[in-house]
Amino acid sequence: NSWLQKPNFPGTVRYGTVCFVIGNQAYIGLGAGEDAFVSDVWRFTPSLNSWASIGNFPASARFCCSGFSLFGKGYVCLGSDGGYKDNLYEFEPSNNSWVERKNFEGTPRRNAACFVIGNRAYVGTGKGATGCKRDLWEYTPWAPLSTGHEVAGDFPVKLFPNPMQDQSTLDFKVPFGEEATRYVITDVSGKIIREEKVENTT
């Protein structure tokens, strides 16, 4: 029940930052300084007691975003760059890259609350152009599939038969413009049955 000072944040002084945790490393960045919004993001590794830059956020500098992590990846959404934002970006720590994902389906806003339960993230409340918000939305990177049907999302996927007993077939394509993607199959309780990275061969 005590505190120990660690190395200071190496970026400029700011407020309204966003943060998420992947494994044993914390990622902190964006925000607003005295004169402007900032877009740099930094990684803190407790075992090394050190900070490292991972470069800039790929979209406009902004503050008061929401951040969370799922399946070993980080996510930053919403916020304000002078106007209210509704986009969602996914961070891949293995190569320090960002990919834009499906936009938040509520109205654009900043200061939204977020939390994760199992394999799903929940984002809501906050402040938008028409005032304070009370709605709450669920985000699932890989939604459960119905037998033989494509699902809406970042790319079409088929899993059949589903539910399965001994074996099943997974049919999907790596999203256009990406070198690889990863799939995760879980049971009804959320336990991961199989996951694999798939390279784009086209």
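The values are calculated or read from the model by the stated rules, or taken from the named source; none is laboratory data. Given the structure is predicted, the values throughout are model-derived calculations rather than measurements. We place every Cβ from the backbone using ideal geometry, glycine too, and count neighbours over all the protein chains shown. To get the accessible areas, we keep the full protein, side chains included, count just its heavy atoms, and leave off ligands, DNA and RNA. Shrake-Rupley method; radii C 1.70, N 1.55, O 1.52, S 1.80 Å.
Among residues belonging to segment 56-82 that are open to solvent by 30 Å² or more (accessible area, probe 1.4 Å) and out of contact with any Phe, Trp or Tyr (no Cβ under 7 Å at 6 or more places or on another chain), point out the one that is nearest to Asn8 (Cα to Cα).
Asn56
Looking at (1) open to solvent by 40 Å² or more (accessible area, probe 1.4 Å); (2) modelled with pLDDT under 70; (3) closer than 20 Å to Thr140 by Cα, which is the only condition Gly190 fails?
(1)
Given the criteria modelled with pLDDT of 95 or more, closer than 27 Å to Tyr183 by Cα and crowded, with 20+ Cβ neighbours inside 10 Å, does Tyr89 qualify?
Values: modelled with pLDDT of 95 or more: yes; closer than 27 Å to Tyr183 by Cα: yes; crowded, with 20+ Cβ neighbours inside 10 Å: no.
It is false that Tyr89 is modelled with pLDDT of 95 or more, closer than 27 Å to Tyr183 by Cα and crowded, with 20+ Cβ neighbours inside 10 Å.
Considering segment 1-55 alone, what residues qualify as being open to solvent by 70 Å² or more (accessible area, probe 1.4 Å), more than 19 Å from the chain's Cα centre (by Cα) and aliphatic (A, V, I, L, M)?
Leu4, Val13, Leu48, listed by residue number.
Applying the selection to segment 95-128, what residues are among the charged types (D, E, K, R) and either modelled with pLDDT of 95 or more or in a strand (DSSP E or B) (or both)? Give the derivation first.
Filtering segment 95-128 down to residues among the charged types (D, E, K, R) leaves 100-102, 105, 109-110, 120, 127.
Scanning segment 95-128 gives Glu100, Arg101, Arg109, Arg110, Arg120, Lys127.
Would you point out the residue of segment 100-127, among those that are open to solvent by 40 Å² or more (accessible area, probe 1.4 Å) and of a type in the set (A, V, I, L, M), that is nearest to Tyr75 (Cα to Cα)?
Here the answer is Val116.
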